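Single-structure report; data block below.
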There are 2 protein chains.
Amino acid sequence: MPRTSLNGMRCSVARTLDVIGEWWTMLIMRDAFRGVTRFEDFHRSLGIARTVLAARLDRLVDNGVFVRSPYSEHPPRSEYILTDKGRDLFPVLLTLMQWGDRWVSDDDPPMRLVHTPCEHVTSPRLACEHCDGDVAHDTVRPEPS
Amino acid sequence: MPRTSLNGMRCSVARTLDVIGEWWTMLIMRDAFRGVTRFEDFHRSLGIARTVLAARLDRLVDNGVFVRSPYSEHPPRSEYILTDKGRDLFPVLLTLMQWGDRWVSDDDPPMRLVHTPCEHVTSPRLACEHCDGDVAHDTVRPEPS
């Protein structure tokens, strides 16, 4: 498929994919949520070409997912810090992880999440902001706004 | 980046992306959750090359996200029906939509979700299965299992 922009589609999923959707970009986000901030550390973790990683990080900066923050002047080096917009991608990462744990993990899930306020291992659910009931494909109805 | 498989990485996010991560595949899922089942309808909605769409649907069938169900013998035609594994991608789609609504929508979100058990428009939250508190990047701690 040609990399035409999805940004023109009036659909929030399409617009989101236009920003973050390249298949491996969520691995950059995964590393960022683990605390990775430096180019060399992303590069070591992802094992992709430096030029490709640099272009992808540039795009995420341009889209406001990261900001660059200098940490060295000689040589000039910057960290990539998640913005509010970037941090707000956490639910996407979490739901990707949950699906993988359930459907494509051939053994015990490699990571687990501890909810720090209660200190329990948790597999979070989607809850309705009104009634707190579970939200799933068969309990919501999409409507035009 | 070469399309090397992420399946070998011991990471549920990487394995999930290996199945669903091609940037526009979630638009197939979006249409499927809207009730689209037929090749022609996916094609009309997505506007991509037939060969590319066919290859992508084949892969989703191979990965158990859809099953094919014949609806015509002359000519032979099948519908693509979501499996449990496919339906379980709904939270990923929902969190992508929420992020797009918040960060890349230049006007009112095009769609809203009604939680059918309570009939309220809802923006679901991630809730801890133990204490029901909000789960966000700053209230969970990932640990090796």
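Details
- Set B:Asp132, B:Asp41: member being among the charged types (D, E, K, R), part of a loop (DSSP other than H, G, I, E, B) and farther than 15 Å from B:Thr25 by Cβ: B:Asp132
- Of the residues making up segment B:81-93, those that are closer than 14 Å to B:Ala32 by Cβ and assigned to a helix (DSSP H, G or I) are B:Asp84, B:Lys85, B:Gly86, B:Arg87, B:Phe90, B:Val92, B:Leu93.
- Taking the numbered list (1) at the interface with chain B (Cβ under 7 Å from one of its Cβ atoms); (2) surrounded by 17 or more Cβ atoms within 10 Å (Cβ to Cβ); (3) not in a helix (DSSP H, G or I) in turn, A:Ser78 passes all entries but (1).
- Single condition A:Ser105 does not satisfy, out of (1) closer than 24 Å to B:Thr16 by Cβ; (2) among the small types (Gly, Ala, Ser); (3) at pLDDT 95 or above: (3)
- Screening B:Ala136, B:Ala127 for residues that are among the hydrophobic types (A, V, I, L, M, F, W, C), crowded, with 18+ Cβ neighbours inside 10 Å and either in contact (Cβ under 8 Å) with a residue 60 or more places away in the chain or at the interface with chain A (Cβ under 7 Å from one of its Cβ atoms) (or both) leaves exactly one candidate, B:Ala127.
- Members of segment B:70-105 that are small (Gly, Ala, Ser) and touching a Phe, Trp or Tyr at 6+ places or on another chain (Cβ under 8 Å): B:Ser78, B:Gly86
- Test for A:Thr116: is it closer than 23 Å to A:Cys11 by Cα, among the hydroxyl-bearing types (Ser, Thr, Tyr) and within 22 Å of the chain's Cα centre (by Cα): no
- Output for segment A:5-27, where each listed residue is more than 18 Å from B:Pro109 (Cα to Cα), in a helix (DSSP H, G or I) and at pLDDT 75 or above: A:Thr25, A:Met26, A:Leu27
- Verdict on A:Leu93 being within 16 Å of the chain's Cα centre (by Cα) and touching a residue at least 60 places away in the same chain (Cβ under 8 Å): yes
- Within segment A:124-139, the set of residues being within 28 Å of B:Asp138 (Cα to Cα) and more than 22 Å from the chain's Cα centre (by Cα) comprises A:Cys128, A:Glu129, A:His130, A:Cys131, A:Asp132, A:Gly133, A:Asp134.
- Entry remark, segment A:21-68: residues being farther than 25 Å from B:Thr95 by Cα, free of Cβ contacts under 8 Å to residues at least 24 places away in the same chain and not aliphatic (A, V, I, L, M) number 9 in total.
- Taken together, the residues in segment B:94-124 that are at the interface with chain A (Cβ under 7 Å from one of its Cβ atoms), surrounded by fewer than 21 Cβ atoms within 10 Å (Cβ to Cβ) and in a loop (DSSP other than H, G, I, E, B) amount to 9.
- Residue under evaluation B:Thr37, criteria (1) among the polar types (S, T, N, Q); (2) closer than 25 Å to A:Arg141 by Cα; (3) at pLDDT below 95, criterion not met: (3)
- Tally of residues being under 22 Å from B:Arg15 (Cα atoms) and either at the interface with chain A (Cβ under 10 Å from one of its Cβ atoms) or in a loop (DSSP other than H, G, I, E, B) (or both) across segment B:56-75: 4
- Residue in segment A:58-69 that is in contact with a Lys or Arg (Cβ under 6 Å, 6 or more places away or on another chain), at positive phi and modelled with pLDDT of 90 or more present: yes
The values are calculated or read from the model by the stated rules, or taken from the named source; none is laboratory data. Only a predicted model underlies this, so the values are computations on that prediction, with no experimental measurement involved. Note that each Cβ is placed from the backbone with ideal geometry, even for glycine, and that neighbours are counted across all protein chains shown.
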